[in-house]
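Asker: Please find one structure pasted underneath; my questions will follow.
The values are calculated or read from the model by the stated rules, or taken from the named source; none is laboratory data. The structure presented is a predicted model; accordingly, all values stated were derived computationally and were not measured. Positions of Cβ are backbone-derived with ideal geometry, glycine not excepted, and every protein chain shown enters the neighbour counts.
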Amino acid sequence: MSPPSLSTFSPSSLTPSDLNQIHGTVISQFDALPNRGKALPTTGEWCILSAVVAEESGVFWVVSLATGSKCVGPKLINPDPPVHGGYALHDSHAEVLAKRAFTLALLQEIKSGVGRLLAAPLPSSAPSTPRALKSNIKFHLYVTESPCGDAAIYNVDGDSTPTFTGAKICNTASSTASSSNTPSAFAAASVPIPNPPPPPAPVREPESQALSTLRLKSGRSNIPTPNRSLSHCCSDKILKWSVLGLGGSLAQLINPPPVLSSLVVIGDPRCSSSTSSQQESLTRAVKFRGGCSTYVLPSTSASPPWELSRMVKQGRFKKISGENRQGAKRF
């Protein structure tokens, strides 16, 4: 099988009507799901909702959606003695779960040959021939708040200090990895190391926050290092998906891979006067680094209305406690 070519990034141009269609489609699909995992009206809890939305000829539909806000650290990923058998899910943020459910939807469509995302294979194609996406299909990632990491650093009304992301800078200075590029070094790297050195600790900025830098997941600074997530933040992952595709290792089965055309985020209610700072942070974190187009749909103009206070009162989302995680749905 020949390796697939990298998809040429195709930025999307969405109108306000398109943004509201994406928003309304996701909320309608979420409302149609059973109440399991959703908070009761009296709990005052909330959670992040994310979805992968497909677009073809001006028609939008939800491929996958998920809620979630938790991650696990090395202590739970590789416990001693082992208890998870290597199946612990490292990153359960909503964006990542929606992407995983999207990958499952692609797998099932490849297996069954029935679906709305892929073009029909040619009759003469061998089973190993990569499948092709439909020529005019696009994918948008919808999130109800700015993704963690660089995209979450912006100013809110009445505060000259940007919001604190909580996502820690990746510290590579203390990395002990070899810089040698010799074949023997690569061969040695493939052999399991009995006692590998601990990964470099994430760095918390003391005051001002660095912009446009790689970061790990957000989290409280008093979390012990063994419990701190070593997964990259969602801002960096979304950048990767908009260039390399959403399919992960499925890239060899789909040519070109399905890349993100846009990132759509609901405006922060604390930015009621203007969403320009939030938009600038999204552009800086994703588009200016070579990723997809970014959009902020002001919460005051979203239809159906989107207000954090309204969602809390109606109990539409559940804030996850402990290590419990919400599941993802594919459609």
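Asker: Kindly indicate which of Val243, Val259, Val264 is among the aliphatic types (A, V, I, L, M), part of a loop (DSSP other than H, G, I, E, B) and either closer than 13 Å to Leu106 by Cα or modelled with pLDDT of 85 or more (or both).
Answerer: Of the residues listed, the single one that is among the aliphatic types (A, V, I, L, M), part of a loop (DSSP other than H, G, I, E, B) and either closer than 13 Å to Leu106 by Cα or modelled with pLDDT of 85 or more (or both) is Val259.
Asker: Restricting attention to the stretch 267-290, and to residues there that are hydrophobic (A, V, I, L, M, F, W, C) and in a helix (DSSP H, G or I), which single residue is surrounded by the most Cβ atoms within 10 Å (Cβ to Cβ)?
Answerer: If we take residues in the stretch 267-290 being hydrophobic (A, V, I, L, M, F, W, C) and in a helix (DSSP H, G or I), then Ala285 is surrounded by the most Cβ atoms within 10 Å (Cβ to Cβ).
Asker: Would you be able to say whether some residue in the stretch 204-212 is in a loop (DSSP other than H, G, I, E, B), of a type in the set (A, V, I, L, M, F, W, C), touching a Cys at 6+ places or on another chain (Cβ under 7 Å) and modelled with pLDDT of 75 or more?
Answerer: No, there is no match, as no residue in the stretch 204-212 is in a loop (DSSP other than H, G, I, E, B), of a type in the set (A, V, I, L, M, F, W, C), touching a Cys at 6+ places or on another chain (Cβ under 7 Å) and modelled with pLDDT of 75 or more.
Asker: Something else about it: Give all pairs with beta carbons closer than 6 Å in which a residue from the stretch 52-72 that is under 13 Å from Leu246 (Cβ atoms) meets a residue that is among the polar types (S, T, N, Q); count only pairs at least 6 apart in sequence or on separate chains.
Answerer: Going by the 6 Å Cβ cut-off, the qualifying pairs are Val52/Ser64.
Asker: Of everything in the stretch 225-260 that's among the charged types (D, E, K, R) and under 24 Å from Arg284 (Cα atoms), which residue is surrounded by the fewest Cβ atoms within 10 Å (Cβ to Cβ)?
Answerer: Lys240
Asker: Then there's this: Within the stretch 85-92, identify whether any single residue is at pLDDT below 70, out of contact with any Gly (no Cβ under 7 Å at 6 or more places or on another chain) and closer than 30 Å to Pro226 by Cβ, and answer yes or no.
Answerer: Checked the stretch 85-92: at least one residue is at pLDDT below 70, out of contact with any Gly (no Cβ under 7 Å at 6 or more places or on another chain) and closer than 30 Å to Pro226 by Cβ.
Asker: Considering every residue within the stretch 64-81, establish whether at least one is in contact with an Asp or Glu (Cβ under 9 Å, 6 or more places away or on another chain) and modelled with pLDDT of 90 or more.
Answerer: Among the residues of the stretch 64-81, at least one is in contact with an Asp or Glu (Cβ under 9 Å, 6 or more places away or on another chain) and modelled with pLDDT of 90 or more, which makes the answer yes.
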